[in-house]
Amino acid sequence: MILEMPSSRVNRTRLHIFAIIAASVSVIVFLGALRNGFLGWDDTDYVVENPFIRTLSAGPAFTRVVLSNWHPLAMLSYAVDYGLWGLNPAGYHLTNIVLHGLNTYLVALLTLKLMESADRRGFFDGQALIYASFFSALLFALHPLRVESVAWVAERKDVLCGFFYILSVIEYVKYAKRKNGWAVSYALAVVFAALALLSKPMAVSLPLVFLIIDFYPLERFAVENAPVRRIVLEKAPFVALAAADALATLWAQSKAMVPLKTIPFGIRAAVALRAYAFYLYRAVLPVNLAPFYPLPQRPFDGAFAVAALLMAALAAL
């Protein structure tokens, strides 16, 4: 059900073969990480010295905060790894690599779905769409920005959240395009969204992502007599889940948050705006990467102006 790909233009078997090839390439490329050990940076607290992963118990996973973070599903995944591998780091790296391979496979399927929706006039044939989804998945899988998430055990939350995040989007697109049998896809989208949030709070962005997809490429708002109220209200479960996770995150990070008097709100907003442009720039030109980027000494400099103009232009577009 999850991998259903209805299309008159696309050969489903060929699509899945190319998606599997992309996933296999991603796994092969990252196999070198199996030789890595644990990093003294976060891996120690999350795995090596974490007594709560010694037993596969949901209680500690959902009630304990590690390094001011609440990632219960990630903690449970470490518990599974510990049961299989003990403290052999290769096993933990293998789980990250496999999850990344699965994410690559799902990216190919999701890309195909979105491109089909955008190409309503059938300008591209099925083979072209398959090739485009294949190379999109490879770009996602092999981009240098993926290395930190895959090759660092403590970043399990990234690849795990990504897995459920993409599944939620796939099921949402199915729901939005179906006239019948939509309830199952909608329910699965909600369930996967919840699992993504339990992996990492980044998934609070899902309701907005769904609205963007509604606007384009699904163009649900452009349909005559479009049920705008329904399109908005159907996001309620996702917003409720995101709000609950946001509160849990505030609770977990209450002791780690820097007060406003130390870093004023204006500077925080400027840094957030710069971050959008920063990651877009690194996506296009992934050089001078680092595990930690300090706050800029002058947040309202020329780089801030460029970032503001770039984000305004993208929003207008």
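The values are calculated or read from the model by the stated rules, or taken from the named source; none is laboratory data. Computed from a prediction, not measured in an experiment: that's the story for all the values here. Every residue, glycine as well, gets a Cβ built from its backbone with ideal geometry; the counts of neighbours run over all protein chains shown. Accessible surface is based on the protein model in full, side chains and every heavy atom, while ligands, DNA and RNA are left aside. Shrake-Rupley method; radii C 1.70, N 1.55, O 1.52, S 1.80 Å.
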Quiz item: Calculated from DSSP H runs of 4 or more alone, at -39500 (n - 2.57) each and per residue, what is the 222 nm mean residue ellipticity of the chain, nearest 500?
Solution: -20500 deg cm²/dmol
Quiz item: Which of HIS16, SER57, GLN297 sits farthest toward the positive end of the charge dipole of the chain, with +1 on the Cβ of Lys and Arg and -1 on the Cβ of Asp and Glu?
Solution: HIS16
Practice problem: List the lysines whose Cα lies under 27 Å from the Cα of LYS235, skipping any in the same chain that are fewer than 8 positions away. | Solution: LYS113, LYS157, LYS174, LYS177, LYS179, LYS200
Exercise. Name the residue farthest towards the positive end of the dipole of the range 152-225 from the options VAL184, ILE166, PRO217, assuming +1 on Cβ of Lys and Arg, -1 on Cβ of Asp and Glu, about the Cα centre.
Key: VAL184
Quiz prompt | Selection of trypsin sites (Lys or Arg not before Pro), the range 260-305, meeting DSSP coil and at most 10 other Cβ within 10 Å | solution = LYS261
Quiz item: Using the scaling law 2.2 N^0.38 Å as the reference, what is the normalised Cα Rg of the range 112-245?
Solution: 1.14
Self-check item: Whole-number accessible area per residue in Å² for the range 142-194, which is evaluated in the context of all protein chains at 1.4 Å
Solution: 36
Quiz prompt | Where Rh is the Kirkwood radius over Cα pairs, Rg/Rh for the range 79-187 | solution = 1.08
Exercise. Report, largest value first, the span of the C-alpha coordinates of the range 256-317 along each principal axis, in whole Å.
Key: 35, 29, 20
Practice problem: Could you run the Debye sum over the Cα atoms of the range 1-125, one equal point scatterer each and no solvent, and tell me log10 of I(q)/I(0) at q = 0.19 Å⁻¹, two decimals? | Solution: -1.00
Quiz prompt | Amide hydrogen neighbours beyond the local backbone of VAL66, cut-off 5 Å, H modeled | solution = HIS71
Quiz item: Percent of accessible area on the chain owned by carbon and sulfur, 1.4 Å probe?
Solution: 69
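Of all the C-alpha pairs in the range 7-49, what % are more than 13 Å from each other?
Every Cα pair in the range 7-49 considered, those over 13 Å come to 69 percent.
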Quiz prompt | For the chain, size of Cβ-based charge dipole, Lys and Arg +1, Asp and Glu -1, in debye | solution = 500
Practice problem: Starting from the Kirkwood radius over alpha-carbon pairs of the chain, derive D by Stokes-Einstein at 4 °C in a medium of 1.567 mPa s and give it in µm² s⁻¹. | Solution: 60
